[in-house]
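I have placed the structure first, in the form of structure tokens, so that the comments after it can refer back to it.
The values are calculated or read from the model by the stated rules, or taken from the named source; none is laboratory data. Everything quoted here is computed from the prediction, not taken from an experiment. In this analysis, Cβ positions are derived from the backbone assuming ideal geometry, glycine residues included, and neighbour counts consider all displayed protein chains. With ligands, DNA and RNA removed, areas are computed over all heavy atoms of the protein, side chains included. Shrake-Rupley method; radii C 1.70, N 1.55, O 1.52, S 1.80 Å.
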Amino acid sequence: MKYGTTLEWAYYTEGRALKIMEIIKSVLQHTESVEFWNFWLGDLDENERPIIKTATIPLAELSPQDIREWDIQEVWNSPSRYGDRPTFYCLRIIR
């Protein structure tokens, strides 16, 4: 994607999610999609390549609960069948 930004908040609230939904709606007037990523910013060695999970949802179906579910995902949740690797989560919202 051409542009990026960071979302930092202490914790989820429905009011914050509704505000984010307003921002997404505004951004989608100028682009086809918006992606929210939940990922690890630290260094990873070659054995820790992340597992990437992506969900796509139309703006008309987006709810505060979808944002909450994205927010609570644990990047370092538990060892997977692939070993101790992080899981990165992408929530893609489309027009």
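Taking the DSSP beta bridges with both ends in the chain, the antiparallel portion is around 45 percent. Here the chain exposes an accessible surface that is 50 percent carbon and sulfur, computed with a 1.4 Å probe and the other protein chains kept in place. Protein heavy-atom accessible surface, 1.4 Å probe, per residue over the chain: 74 Å². Taking other residues whose beta carbon is less than 14 angstrom from the beta carbon of residue 2, and scoring Lys, Arg as +1 and Asp, Glu as -1, yields -2. In the neighborhood of residue 54, defined by Cβ-to-Cβ distances under 12 Å, what is the net charge if each Lys or Arg adds +1 and each Asp or Glu adds -1? Local net charge: +1. Taking each residue as 0.36 nm, the span from residue 43 to residue 13 lengthens on full extension beyond its C-alpha to C-alpha distance by 7.8 nm. Within a straight-line Cα-Cα reach of under 20 Å, residue 2 can be paired with the following lysines, leaving aside sequence neighbours fewer than 8 residues apart in one chain: 25. Only aspartates and glutamates eight or more places from residue 19 in sequence, or on another chain, were considered; those with a Cα closer than 19 Å are 8, 35, 61, 66, 69, 71. Estimated from helical segments only, the mean residue ellipticity of the chain at 222 nm is -7000 deg cm²/dmol, where each DSSP H run of four or more residues counts as -39500 (n - 2.57). Matching the structure-derived volume of the Cα convex hull per residue in Å³ against the labelled list (1) 77; (2) 141; (3) 114 gives the label (3). Between residue 90 and residue 75, the contour length at 0.36 nm per residue exceeds the alpha carbon distance by 4.3 nm.
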